[in-house]
1. Suppose we filter 591, 623, 584 for residues that are surrounded by 24 or more Cβ atoms within 10 Å (Cβ to Cβ), assigned to a helix (DSSP H, G or I) and either of a type in the set (Asp, Glu) or out of contact with any helix residue (DSSP H, G or I) (no Cβ under 8 Å at 6 or more places or on another chain) (or both); which single one remains?
2. Test each condition in (1) among the aromatic types (Phe, Trp, Tyr); (2) in a helix (DSSP H, G or I); (3) closer than 22 Å to residue 80 by Cα for residue 235 and report the one that comes out false.
3. Out of 656, 681, I need the residue that is of a type outside the set (S, T, N, Q), in a helix (DSSP H, G or I), closer than 13 Å to residue 740 by Cα and touching a residue at least 24 places away in the same chain (Cβ under 8 Å). Which one?
4. Within segment 546-567, can you find the residues that are modelled with pLDDT of 95 or more and outside any loop (DSSP other than H, G, I, E, B)?
5. Among 337, 313, which is the only one that is surrounded by fewer than 16 Cβ atoms within 10 Å (Cβ to Cβ) and not assigned by TED's automatic domain parsing to the domain that holds residue 617?
Amino acid sequence: MIASNPSLNSQFAANTDTDPEETREWLDALAAVIETEGVERAHFLIEKLVDKARRSGANLPYKANTAYINTIPPHAEARSPGDAGIEHRIRCYLRWNAMAMVVRANQKSTEYGGHISSFASSATLYDVGFNHFFHAPDRDHGGDLVFFQGHSAPGIYARAFLEGRLTEEHLDRFRAEVGGGGLSSYPHPWLMPDFWQFPTVSMGLGPLMAIYQARFMKYLADRKILLNTEGRKVWCFCGDGEMDEPESMGAIGLAGREKLDNLIFVVNCNLQRLDGPVRGDGKIIQDLEAEFRGAGWNVIKVIWGSHWDALLARDTKGLLRQRMEEVVDGEYQTYKAKDGAYVRKHFFGKYPELLEMVANMSDEDIWHLNRGGHDPHKVYAAYAAAVAHKGQPTVILAKTIKGYGMGRAGEGQMIAHQQKKLDAEALKAFRDRFNIPIPDDKVHEAPYYKPAEDSPEMIYLQERRKALGGYLPQRRKEAPHLQIPELSIFETMLKSSEDREMSTTMVFVRLLSSLLRDKALGRYVVPIVPDEARTFGMEGLFRQYGIYSSVGQLYEPQDADTVMFYREDKSGQILEEGICEAGAMCDWIAAGTAFSNHNVQMIPFYIYYSMFGFQRVGDLMWAAGDMQARGFLMGGTAGRTTLAGEGLQHQDGHSHLIMGAIPNCITYDPTFAYELAIIVHDGLRRMYQEGENVFYYITVMNENYTHPALPKGAEEGIIKGLYKFRDAGKDEAVQLLGSGTILREVIKAAELLEADYGIKAGIWSATSFNQLRRDGLEVSRWNLLHPEQPRKTSYVERCLAPTAGPVVAATDYVKAYPDLIREFVPRRYTVLGTDGFGRSDRRSALRRFFEVDSHYIAFAALKSLADEGGIEKTKVSEAMTRWNIDPDKANPIGC
């Protein structure tokens, strides 16, 4: 007897109807339920039947896809209240002006670049939103947050031009920003601070940031900081090719779990990425539907335009739907690069019944069978359903054509994304297709078109935006400032710790606790951590301030009987994202831009492993700078030798170099508690009391040691990046600089020099080589541009010029970090650092290996003195023996 194969049996059963009459009875019964009791009741019964079958042992595989047709049937579509004719004419003008902007720029120089095809494919998606859904902030509404797809920027400028917010001169300076008055290539708040809210063209970041902006809006509402978020939406427009970026889809599960019904994704499915089809051998819309449905999203597919409705209604046997399912995206792309005759032959021609269905249609009629994303009625219905939907985020998958309207110059073609020029014939074809009133003798110039201010189109356009609260995009540049407490709030950190040892990480937690307790400031502080709170000693905050959870805490935690138990709360203040640095960084961005997006200053502190914590999210940090986010990034367990046993993947030796490249990021590597307190207090003042658009990156370590009291008069040097920690008097022969925990090795080195060789050393704490370099470069630039003026001196020069001897600097970072100030050091300068891959061992062994311990620092000082003739070279050789320094030791960078 042959054993049966359950999978083959189920496949046979699924494809073979063994009792058609019974099937018809079931289908008739279902139709009756739908007609009398509605779709919701029918869905309930189907789910009950599926559940019963599974509980009875049936293996019913989950199918995440629905048919390849529109989710909303024609009879259920909400109808737009707008004037379709006027909206169509406005949309044509926008298409023309967006195209003209790019073409005119590239007529001047091909260096400008730009993109026509992306907005061409998405114009209807934006236009319906602007006319009916995107709400600007006003007295009664906090405003929607809209993430515009970066490559569609010309279309957004084109609308602002019709609205009167931009002039022809602005449009003619598209991508020509030097000198002022230009328009940025893509959405960049730093370059257009009144206009753009979110930088989105680093593909994948927009969708990720949008999810966390939506969640942060819920956080602010649950904590009663924002009292009215009702009706506010976060709209995120992205491309289908962009969805392959891991960041685009990486957090959709969180959005589903959190039931973010204030979030709407609109994916422009034009089926093409830069080089070719997104899913040439499949269907990107079906792929995305499955992933989003599986993650708990409400999925609305807008595939077919209204011209298909009659054909689908006549498709009683389902053959047309079958053909729609059979065709892959590579073929759909080709159809729109050809003509109606080609579509008749290759799409309908496979089945005689389908050819008969379109027998009375001309090739032109077939060519005008439109896609859903170009049909304003279908798009309006989808948006209306999305806005009304509760309990889930919504994604709208809109099928469009890349380069729509470009004709032979690019419509549906592989070259569409790179197309930046249209010749005279292509411009005429574009003009004729969209009925733009420009004469033949001018069309080659691609002039902008703007109707008269009193025309029906212009009146309508202005009225629609007025009804929705005003213009978008717009960016609020400031919110009410906060009053920062006096420095005394950190009083205990300014005093000596005496015999008590602690790490700067623990100092940070104490500092954070002081801020959280402050009656005026505390509620605005947002602690953020990616599942490492216990590593950083923050578990004591759990019970007192709670971890934010949109549903509260539905269980009793295992450690409920302890003092510091794990407490989740709907009004919790701490954001803990699990093992997700990208999510935590997006939390920080949402909090750091709350002043602009919500008119409230929030103070985010995000602490993370300074190595992979920043390497995973460097692009987001750059975006944060563009958005002018404010807050504190705390690089925890920093330094290549300080994290000791964790090894290569964890040990950071270069984060300060990377962060220092972000123009508005202020970086510090403090050693002592008082330094950290002074730096954070000054940051609070600059960002929240004075409204400065900067953010801070501060490294903190996990090495325990005692902390001295704040030296008198050190505050200015701490902020500027360098101050004299210990003065050895007039007999100083060498100057030693250090930062972070390596400053303590510098202190030991000075003691070695004096004990073993009678050489006195001045000791300097270099809290920020980046800040010192910025000061030096500013001075150098001034000197360069003012050749006849007295020369200015850098802060480094002013500090070191009065001292004697060579200068040696050592840090727990690569040598390039302290080397940043070389051109400003007035004498011989030697740097020590931790170049090379990290590894696991004790701190003392690691510092010896990387040649940054006290012996190597003291040895470098002796060698510098000998090179200048201050001591005999024999003493250097003697020191090598005394301190066990091996001249034949392998270079750490190659080990």
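1. 584
2. Only one criterion in (1) among the aromatic types (Phe, Trp, Tyr); (2) in a helix (DSSP H, G or I); (3) closer than 22 Å to residue 80 by Cα is unmet by residue 235, namely (2).
3. Values: 681 fails: closer than 13 Å to residue 740 by Cα.
After applying the criteria, what remains is 656.
4. Answer for segment 546-567, where residues must be modelled with pLDDT of 95 or more and outside any loop (DSSP other than H, G, I, E, B): just 548.
5. Sole residue among the options that is surrounded by fewer than 16 Cβ atoms within 10 Å (Cβ to Cβ) and not assigned by TED's automatic domain parsing to the domain that holds residue 617: 313.
The rows are residues; the columns are (1) touching a helix residue (DSSP H, G or I) at 6+ places or on another chain (Cβ under 7 Å); (2) surrounded by fewer than 22 Cβ atoms within 10 Å (Cβ to Cβ); (3) not assigned by TED's automatic domain parsing to the domain that holds residue 253.
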residue: 562; (1), (2), (3): no, yes, yes
residue: 599; (1), (2), (3): no, yes, yes
residue: 602; (1), (2), (3): yes, no, yes
residue: 613; (1), (2), (3): yes, no, yes
residue: 618; (1), (2), (3): yes, yes, yes
residue: 632; (1), (2), (3): yes, no, yes
residue: 645; (1), (2), (3): no, yes, yes
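A quick yes/no check of all residues on (1) out of contact with any His (no Cβ under 7 Å at 6 or more places or on another chain); (2) outside the structural domain of residue 187 (by TED's automatic domain parsing); (3) without any contact (Cβ under 8 Å) to a residue 12 or more places away in the chain:
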site	(1), (2), (3)
96	yes, no, no
101	yes, no, no
109	yes, no, yes
124	no, no, no
130	yes, no, no
136	yes, no, no
142	no, no, no
147	yes, no, no
156	yes, no, no
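The rows are residues; the columns are (1) outside the structural domain of residue 580 (by TED's automatic domain parsing); (2) touching a Ser or Thr at 6+ places or on another chain (Cβ under 6 Å); (3) in a helix (DSSP H, G or I); (4) closer than 18 Å to residue 589 by Cα.
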{"site": "160", "(1), (2), (3), (4)": "yes, no, yes, no"}
{"site": "170", "(1), (2), (3), (4)": "yes, no, yes, no"}
{"site": "203", "(1), (2), (3), (4)": "yes, no, no, yes"}
{"site": "213", "(1), (2), (3), (4)": "yes, no, yes, yes"}
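The values are calculated or read from the model by the stated rules, or taken from the named source; none is laboratory data. Given the structure is predicted, the values throughout are model-derived calculations rather than measurements. Glycine gets a Cβ as well: all are built from the backbone with ideal geometry, and neighbour counts include every protein chain shown.
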